[in-house]
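The values are calculated or read from the model by the stated rules, or taken from the named source; none is laboratory data. As the structure is a computational prediction, the values presented were derived from the model and not from experiment. Using ideal geometry, Cβ is built from the backbone for each residue, glycine included, and neighbour counts are taken over all protein chains shown. What goes into the accessible areas is simple: the full protein's heavy atoms, side chains included, and nothing from ligands, DNA or RNA. Shrake-Rupley method; radii C 1.70, N 1.55, O 1.52, S 1.80 Å.
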Amino acid sequence: MLEAFVFYILAAALVIFGLLMITRTNPISGAMTMVGAFGALAGLYATLTASFVSIIQILVYAGGIMVLVIFVIMLLNMHPDDLEPMKARPFWVVVALLAVSTTILAPILCCVLPNKDFTWAALMPGFGTLTAVGEKIFSDFIFPFEVLSLILLTAVIGALIMAKRKL
């Protein structure tokens, strides 16, 4: 019961941080809320007993990738005058939030709550360990892993070109 409570708290925190991240006009505050979302996601991985993935989430994403994002934001050298406030109408924000929450909560209310015998699915032996993750990444998912590194390299080069154009 405690695991389910922690899971729902972390899931709610992840959704809240995600919403805060996309609604911030200041890129630094958006990046900091992204760190919070990465922390909540690491907590979710920890509840799934994937300790290695949880630690890597904190070290790589909340540490390394966010340093890269902050570096790129600082390279762009945006002034407060360049950042216009979002002009979202409150009615449409409420409609969008209701649509998203209905989409998320409908399967829970229809499928999970009527079933009183809900149990967590059994995990494979070695789930989330260094060996299991390494075997998956470097055997089945080597091509997406390499493509991701090229996408990150392209983003950094694009930020450098944009920053050089403003100088």
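Details
- Selection of segment 125-146 for residues being open to solvent by less than 60 Å² (accessible area, probe 1.4 Å) and either more than 17 Å from Val60 (Cα to Cα) or among the basic types (Lys, Arg) (or both) yields Gly126, Ala132.
- Within segment 1-37, the set of residues being at pLDDT below 85, over 15 Å from the mean Cα position of the chain (by Cα) and β-branched (Val, Ile, Thr) comprises Thr25, Ile28.
- Yes/no for Ala99 being surrounded by fewer than 13 Cβ atoms within 10 Å (Cβ to Cβ) and either charged (D, E, K, R) or in a helix (DSSP H, G or I) (or both): yes
- Verdict on Ile65 being surrounded by 13 or more Cβ atoms within 10 Å (Cβ to Cβ), touching a Pro at 6+ places or on another chain (Cβ under 9 Å) and β-branched (Val, Ile, Thr): no
- Test set (1) in a helix (DSSP H, G or I); (2) more than 22 Å from Ile104 (Cβ to Cβ); (3) at pLDDT 80 or above - Ile73 fails condition number: (3)
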